[in-house]
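Read through the structure below, which is laid out as structure tokens, and then see the notes.
None of the figures in this text is laboratory data; all of them are computed from the coordinates on show. Remember, it's a predicted structure, so these values are computed and weren't measured experimentally. Note that each Cβ is placed from the backbone with ideal geometry, even for glycine, and that neighbours are counted across all protein chains shown.
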Amino acid sequence: MLSRVAENLYWMARYIERAEDTARLINVSSHLMLDMPYRQPLGWAAMVDITGGAEVFETLYDEPNDRNVVQFLCADRRYSGSILSALAQARENLRTTRDVVPREVWEEINQLYMTASAHADAGLGPGRRERFLKLVIRGCQTLIGLIEGTLSYGGSRTFMMLGRQLERADMITRIIDVRSANLLQRDSDEIRPFEHLQWMSVLKSLTAYQMYRQHVRCRVRATDVLRFLVQDSLFPRSVSRSLKDSIRALRSLPRHERALATATLVLADVAEADVRALVRSPEALHDFIDVLQQGFAELHTAIARTYFPTLDDLGDGELLAASDQA
């Protein structure tokens, strides 16, 4: 497989996962805010922070209110992390490499982008917003199902798996990091009675609530939620499971030593984390998330330099060999 094709498939999967996770986050957070007290620290700005788009948002909008944040995260094509931008980039990455996947996959991603664009252009008021978000979530799930059910086990599937799992792990840690700034405050009498609702929203943002109740079998508590989302090896949307699936995918590729070593080190950090101590100290949890984020960045760099090299990374001879073997 050419490295260009592998890179396009890798990024296509990342963008699809980004669009779905962002849609889930907005949908769940919108419902959460209806249940919270009027004066509470968790607002629309938190969603912008989770996606890492605060600086861009400040240059485009005056204030982080309902209308502006929804428009920014859902339909603003000037922001590369918006849902429409992610779908557009996923579509473009697959358009140039669609001969390596079943035709139905290309047709589905093309249809999803066109339909989502039409909905966004018609406006995203409270009623239309929920329909738009459900459309995106269902479309992304359909795409993943088509890929899982129709694509042969080989290079194409492997690079899509790597992209999807790395993006998923990244989004999980972003949600935990931003939300924990409020969730772990113990000195706020106003917010304490609503902590369980916020932890439930974290779980629901990752479609983890029902599986949490089945596996943990107790009420929603900070320590149990963090352990489940970070260290559970069975839940598909935990950090641990995402890293293990990435490691399995890497082992099927040639020249995987550097990327595999990086992924293994990050997984070790996850497995050895003292969740109880992290819950007691929001600062320690933030530092731990930073370590994981750096690990994900290093893993991406290792994958890119090994399988998507540029002339700056390799000499001409090495670049040709890498392109042939990717």
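Side notes on the structure shown:
- Summing Lys and Arg as +1 and Asp and Glu as -1 over all other residues whose Cβ lies under 15 Å from the Cβ of residue 58 gives a net charge of -4.
- Here the Karplus curve 6.51 cos²θ - 1.76 cosθ + 1.60, taken at θ = phi - 60°, turns the phi angles of segment 225-233 into couplings of 5, 4, 4, 5, 6, 9, 10, 5, 8 Hz, with x standing for Gly and Pro.
- The longest part of the chain holding none of the exposed loop chymotrypsin sites (Phe, Trp or Tyr not before Pro), meaning those outside H, G, I, E and B in DSSP with at most 12 other Cβ atoms within 10 Å, is 154-326.
- Listed residues 152, 242, 205, most fluctuating in the chain (Gaussian network, C-alpha, under 10 Å): 152
- Mean residue ellipticity (222 nm) of the chain, computed from DSSP H runs ≥ 4 via -39,500 (n - 2.57), nearest 500: -24500 deg cm²/dmol
- Under the Karplus curve 6.51 cos²θ - 1.76 cosθ + 1.60, θ = phi - 60°, whole-Hz ³J(HN,Hα) for segment 207-217, x wherever Gly or Pro sits: 6, 10, 5, 5, 5, 4, 5, 6, 7, 8, 6
- Annotation note: trypsin sites (Lys or Arg not before Pro) in segment 211-289 located in DSSP loop regions with a Cβ neighbour count of at most 11 within 10 Å are 217, 219.
- ³J(HN,Hα), Karplus 6.51/-1.76/1.60, whole Hz, each residue of segment 60-68, x for Gly, Pro: 10, 10, 7, 8, x, 8, 3, 4, 5
- Under the shape rule built on the C-alpha gyration tensor, where the axes satisfy a ≥ b ≥ c, the chain is oblate, since a/c reaches at least 1.5 while a/b does not exceed b/c.
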